[in-house]
Amino acid sequence: MMDTRKHIEVCFTPGEYEYFKDEFEIVVVIDVLRATSAICAGFANGIKSIIPVSTIEEAMEYKAKGYLAGAERKGQIVEGFDFGNSPYSYMRDDFKGKEVVLTTTNGTKALNIAKDAETVVVGSLLNLDALCKWLEVQDKNILCLCSGWQDKFNLEDTICAGAICEYLLSTGKFQSDEDSSIAAKYLFLSAKDNYFGYLKSSSHRRRLKNLNLNEDIKYCLTPNQTDVIPVLRDGKLTDISK
Ligand code: 3SL
């Protein structure tokens, strides 16, 4: 009998995306610390749309045109911008109903690398359950693209990708072939009872902790705070859950 199950697979870094990209209709871009979490926090707070750009120059051009524009590099707000990548920056009242431009070290870059996929959706622990339920009913092959750190593997994105794999595989409607997907699932199963403790020694958690961003880390590692489903269309993210 023909196997009609769809694929759910994991790509550990944007650098490996080219080896996967042609086989998947949906790409879930994940940057748990902190870009995709900040994006979800923004939509949960009523932001109308977010334009993810890859370079500081592009973000600056938008800023010059009067847009609310944020920029982060190496975890810090880039000089000349008023906000960066902290999810708390996106909870301001004056952001409600507005269009915001954002550039980050890895997350917005991964979004732009994936932009030609049929559907690009933003994943994080913050919208995990809602996203998994939405993905389950799309009847498409799905790739979780981890943003990593400067094209290197990271634990937090992989754990989130593993959580998505675990959920979708448990529905019986999906299969995984790649070792990366199996590894992501096992990492999630080891981490799921205590993300914060599990990631204690992870490189980016250390990096952010050194910048006194522990509250951001706690927020980004607290699952299911929102039902938003941010989807990239024509270079712009909007929440299609409404
Ligand atoms: O790499 C990114 O896109 C950021 O999420 C990194 S940071 O958490 O703002 O340092």
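The values are calculated or read from the model by the stated rules, or taken from the named source; none is laboratory data. Since the model is a prediction, treat every value here as computed from it, not as a measurement. In this analysis, Cβ positions are derived from the backbone assuming ideal geometry, glycine residues included, and neighbour counts consider all displayed protein chains. Surface areas here come from the heavy atoms of the whole protein model, side chains and all, with no ligands, DNA or RNA. Shrake-Rupley method; radii C 1.70, N 1.55, O 1.52, S 1.80 Å.
Taking into account only those residues within segment 189-242 that are acidic (Asp, Glu) and either within 12 Å of the ligand (Cβ to nearest atom) or within 17 Å of residue 120 (Cα to Cα) (or both), which is surrounded by the fewest Cβ atoms within 10 Å (Cβ to Cβ)? Spell out how you get there, then give the answer.
So in segment 189-242, the residues acidic (Asp, Glu) come out as 193, 215-216, 227, 234, 239.
Still in the running and either within 12 Å of the ligand (Cβ to nearest atom) or within 17 Å of residue 120 (Cα to Cα) (or both): 216, 227, 234, 239.
Values: 216: 23, 227: 18, 234: 7, 239: 23.
Here the residue is 234.
Filtering segment 59-109 to residues that are acidic (Asp, Glu), open to solvent by 90 Å² or more (accessible area, probe 1.4 Å) and either touching a helix residue (DSSP H, G or I) at 6+ places or on another chain (Cβ under 8 Å) or away from the ligand (no atom under 16 Å from the Cβ) (or both) leaves 61, 93. Kindly check whether there is at least one residue in segment 162-170 that is on the phi > 0 side of the Ramachandran plot and away from the ligand (no atom under 16 Å from the Cβ). Within segment 162-170, none of the residues are on the phi > 0 side of the Ramachandran plot and away from the ligand (no atom under 16 Å from the Cβ). Here segment 1-45 is the region considered, the condition is being of a type in the set (Asp, Glu) and crowded, with 21+ Cβ neighbours inside 10 Å, and the residue that is nearest to the ligand (Cβ to nearest atom) is 31. Within segment 46-58, being assigned to a loop (DSSP other than H, G, I, E, B) and exposed (fewer than 15 other Cβ atoms within 10 Å of the Cβ) holds for 46, 55.
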